[in-house]
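Presented below is the structure to which this report refers.
Any read-out appearing in this document is the output of simple, stated calculations on the displayed coordinates, not a laboratory observation. Since this is a predicted model, take the numbers as computed values, not measurements.
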Amino acid sequence: MDLDEARTRILDAAETLFYERGIQSVGMDELRGAAGVSLKRLYQCFPAKRDLVEAYLRRRDGRWRAALAEYVDAHTDDPAARPLAVFDWLGDWFAEPGFRGCAFANAYGELGAASDGVGRVARDHKSALLAYVTGLVRAAGADQPELLGRQLVLLIDGAIAGAALRGGAAAPEARAAAAVLMASPAGGAAGAAECGPPVRGPAAPGANMA
């Protein structure tokens, strides 16, 4: 097994175990066993656990945002409807059996005070999400895209936390609130977005993650 394959297997195991059970509860020896690599090879790939945690979060960030963008692109060409499609994607993700909330908020809650690296990755993830959503509402014609983008990201974060803690209709409720915001003065022309039932279509199995 070469280093690239070992690294992938370790990251796959870390993503499963860290997201399901938390970072601090999973030891490196357990990760080694789940990945099927030697402890020596594990430390060749990731000299310290913090290196593995940051790599896991960076990879998850890229996959999560790519899956979101792919869904939005596939489900509507209407610029005014694309911001609301974000919440439709969230609803699909929340319904997955392995959903445990936001991996970045979870990791920051565990380690953020003691790990500058984890805090940096979490902030980078949220900044990238904000930039993406702001771009969507700008393309939709929002009069104040930066303000509206921040408002929608607050709804996204709240929906993720709400779904993790209480389940229920967090995504459609947040979607309805987003539609109201898009029809507000900050939304401007973006208020033309359709506010009816979400558009559904085939989604890639297991694509949703955070």
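Karplus-based coupling profile of segment 22-31, in residue order and whole Hz: x, 6, 5, 7, 10, x, 5, 5, 5, 4, with θ = phi - 60° in 6.51 cos²θ - 1.76 cosθ + 1.60 and x standing for Gly or Pro. Here the contact order of the chain, divided by its residue count and restricted to Cα pairs under 8 Å and six or more residues apart, works out to 24 percent.
Among Pro172, Pro47, Pro83, which one moves the most in a GNM of the chain with springs linking Cα atoms closer than 10 Å? Judging by the Gaussian network model, the answer is Pro47. If one computes the Cα centroid of segment 7-45 and of segment 69-122, what distance in Å separates the two points? The two parts, judged by their Cα centres, are 23 Å apart.
Pull out a ≥ b ≥ c, the square roots of the eigenvalues of the alpha-carbon gyration tensor of the chain, then state rounded if a/c is under 1.5, prolate if not and a/b is larger than b/c, and oblate in the remaining case. It is prolate, given that a/c is not under 1.5 and a/b is the larger ratio.
Is the C-alpha gyration tensor of segment 37-157 telling us rounded, prolate or oblate? Criteria: a/c under 1.5 is rounded; beyond that, a/b larger than b/c is prolate, otherwise oblate. Cα axes put segment 37-157 in the prolate bin.
Can you tell me how segment 14-53 classifies by the Cα gyration tensor, rounded, prolate or oblate, using a/c under 1.5 as the rounded cut? Oblate is the answer for segment 14-53, as a/c is 1.5 or above yet b/c matches or exceeds a/b. Per-residue ellipticity at 222 nm from helix content only, as computed over the chain with -39500 (n - 2.57) for each DSSP H run of at least four residues, stands at -22500 deg cm²/dmol.
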